[in-house]
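Quick notes on the structure that follows.
The values are calculated or read from the model by the stated rules, or taken from the named source; none is laboratory data. The structure displayed is predicted, hence computed values, not measured ones. Every residue, glycine as well, gets a Cβ built from its backbone with ideal geometry; the counts of neighbours run over all protein chains shown. To get the accessible areas, we keep the full protein, side chains included, count just its heavy atoms, and leave off ligands, DNA and RNA. Shrake-Rupley method; radii C 1.70, N 1.55, O 1.52, S 1.80 Å.
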Amino acid sequence: NGVEANGPGVTNSAIKNVKINQDPYSVLFSRPGRARIEITTQGGTPRFHGSLNSLYRNSTFDAQNAFAQVKPYEQRQYYEGSITGPVAHRPKTTFLLGVDYDLQDQQAFVHAAGPSGLIQENVPNPTHHFFGSGRIFHDYGAGDQFWMGYSWEHRSTQNQGAGGTTLPEAAYDTLFEEHEINVAWQLVEGSHWLNYLHFLVGHYNSPTTSVTNAPSIAVQGAFTGGGAQADAKNTEYHFDGTDLVTYTAKNHTVEFGIDVPDISRRGRDDFTSMLGSYTFPSLAAYQAGQPDLLLLQQGQGHLVFLEKNFAGFLQDTWRISPTLQLTFGARYYWQNYFHDDPNNIAPRASFAWALGRSWILRSGSGVFYDRTGPGPIASLLHFNGVALRRYLVENPVFGTPDIAGTPTSVVTLASAAIMPYTVESSFGVERQV
């Protein structure tokens, strides 16, 4: 619905339409159109309407995995549906409810070489996902509309990472839980002005937990065992939204506004490799207790920071004639921690020219700036040489590592660092057949 998101915010049956690459060079969006999927979700209806979809399959007719001694039983169950209708017999106030429940009970296959010989076993690797959402719509008439919605998502996985040469003891479990509130308001002023405001606030929690609390052992070409040493936790309170104003007069459509892709309070807890992750060059070196590398982290793994991204945009679509349309504008990017703002103005332009009834020429060019995301920011704050100390020790003593004199890894931002950007141009010829 015009706001960047990780998903549509509704179940599959509540999606109205999907458009791909509608306008590659529109300033309304931060990324090129060829990498953008535009999803419009269903609104409420004054009459009751619903749909239900389900899927079930199992491994009865599957071939046996070549690395499995025993063929495992696997199955998937999927249930999805939505219902819409009026609220209290008021046709101008409607609702939409949707549920998506996906159970994937799969197994991973371990085929590794251990000190005592070949290791083969099946490891349950289930993924369970639930998503539910509800929305209330109200139509004020004359094009004015308002809606508000809430959604909850819960996803859990077990024994991630196990399989191949990774033993079950070195697996980890993950959990993702997110709550979101969506609000949208459309206001029409006369025959020329349209204001569309859409924003969401949300919170998610995503911990990763090692199945075994022990040092990680990786023997190249043989097996990975011990503990996963993957303990971490990501949390976030986030806001994003867009306020788009459209003015239409004669042959011009002017669009301008503010886009807030992300304002978030992020928690990045990194407790990986606190007991150490050992690497052995061979199975013989493992049996002799002679690792060649140790990754060890010590210090404060808990981190909280604020990430902010803003953008402003202005665009004019000029219909020069019934067969020729020109669009031009610019988008301005800003984010904290990376301060090269004066350079982050991204001009864009495109045109479409119809030659007769069957041929259309299209061309355009634009600048698109990237965003760092939370990963690089967390690395800068974590690995400043003081907070979270990461050591790489060559030829360590197995079990009792000595890090005296070993320098800690440090992540810094280069003084000349700028946000990466892409300049994209294209020319195309279309013919209706």
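Annotations
- D_trans [Stokes-Einstein, Kirkwood Rh over alpha-carbon pairs] for region 294-433, 37 °C, 0.692 mPa s, µm² s⁻¹: 167
- Across T246, T412, T323, the residue with the most accessible area heads the list, and the full order at a 1.4 Å probe is T412, T323, T246.
- Apportionment of accessible area to carbon and sulfur, the chain, percent (1.4 Å): 57
- Across region 357-369, coupling constants 3J(HN,Hα) worked out from phi with the 6.51/-1.76/1.60 Karplus curve, θ = phi - 60°, read 9, 10, 10, 9, 9, 10, 8, x, 7, x, 10, 9, 8 Hz, and Gly and Pro carry x.
- Taking every alpha-carbon pair under 8 Å whose residues sit at least 6 apart, the chain reaches a relative contact order of 10 percent.
- Among N58, N182, N234: highest mean-square fluctuation, GNM of the chain, C-alpha pairs under 10 Å: N58
- Annotation: amide H of T41 within the under-5 Å range of K16, sequence separation 5 or more or interchain, hydrogens built in the peptide plane.
- Between amide H atoms placed 1.01 Å from N, distances below 5 Å from T165 occur with H111, all of them 5 or more places distant or on a separate chain.
- 5 angstrom amide H check on A108, placed H, neighbours 5+ away: V123, N125
- Within the shell of other residues whose beta carbon sits under 12 angstrom from the beta carbon of D270, the net charge comes to +2, with Lys and Arg scored +1 and Asp and Glu -1.
- Hz values of 3J(HN,Hα) by residue in region 228-241 - Karplus curve (6.51, -1.76, 1.60), Gly and Pro given as x: 6, 6, 10, 5, 7, 8, 10, 10, 7, 10, 10, 9, 8, x
- I83, I263, ranked by accessible area, largest first (probe 1.4 Å): I83, I263
- Extension gain for H192-V429 works out to 82.0 nm (0.36 nm per residue, less the C-alpha to C-alpha distance).
- Sites A63 and A414, calculated FRET efficiency, Cβ-Cβ separation with R0 51 Å, nearest 0.05: 0.45
- By the Stokes-Einstein formula, at 0.890 mPa s and 25 °C, region 1-124 with its Kirkwood radius over alpha-carbon pairs has D equal to 130 µm²/s.
- Integer Hz, Karplus 6.51/-1.76/1.60 couplings in order for region 382-397, x for Gly and Pro: 5, 9, 8, x, 10, 5, 10, 9, 10, 10, 10, 10, 8, 6, x, 7
- Each helix, a run of at least 4 DSSP H residues, gives -39500 (n - 2.57); summed and divided by the residues of the chain, these come to -1000 deg cm²/dmol at 222 nm.
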